[in-house]
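Here's the structure, in structure tokens; my notes come after.
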Amino acid sequence: MILWFANIERNQITLNMNLYICTALFGSSINKMNELVLSNMREDQTAILLGFTDLGVESKLLSMGVLPQSMIRLKRRNALGNTFIILVNERVRIALRKKEAECIILKP
């Protein structure tokens, strides 16, 4: 889904394109009011995976079997907040860097 916003400032129109990558496979879309980024989750909080904002992170996680509509639980984060350990569908544990966690969009 691509959202376009037009900002009019001093008789100049600037287009700001916000790109959210959603999966067409499950027909999910991102509602900005209900979205959550993995890096903002609390420990032991559970959410449903909606999509990704980075194609590199998306391809890596999809190849590991982390699909949209999967249940994600944040099990642990390190003291500095740079590493996140998630549990996918109550089966697989994956460690992610903060940069990767910021690219994962969830529904609480």
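Provide a single number: the residues in the range 81-108 that are among the acidic types (Asp, Glu) and either farther than 16 Å from Leu49 by Cβ or touching a residue at least 60 places away in the same chain (Cβ under 8 Å) (or both).
1
Output the residue which, of all residues in the range 58-108 that are assigned to a loop (DSSP other than H, G, I, E, B) and of a type in the set (D, E, K, R), is nearest to Asp44 (Cα to Cα).
Looking at residues that are assigned to a loop (DSSP other than H, G, I, E, B) and of a type in the set (D, E, K, R), I get Glu90.
Check off (1) closer than 12 Å to Ile105 by Cβ; (2) touching a helix residue (DSSP H, G or I) at 6+ places or on another chain (Cβ under 9 Å); (3) not in a helix (DSSP H, G or I) for Asn34 and give me the number that stays unchecked.
All conditions pass for Asn34, except number (2).
Can you report the number of residues in the range 29-80 which are touching a Gly at 6+ places or on another chain (Cβ under 7 Å) and modelled with pLDDT under 90?
Matching residues across the range 29-80 total 1.
The values are calculated or read from the model by the stated rules, or taken from the named source; none is laboratory data. Nothing here was measured: the structure is a model prediction, and the numbers come from that model. Reconstructed Cβ throughout: ideal geometry from the backbone, glycine too, with neighbour counts over all protein chains shown.
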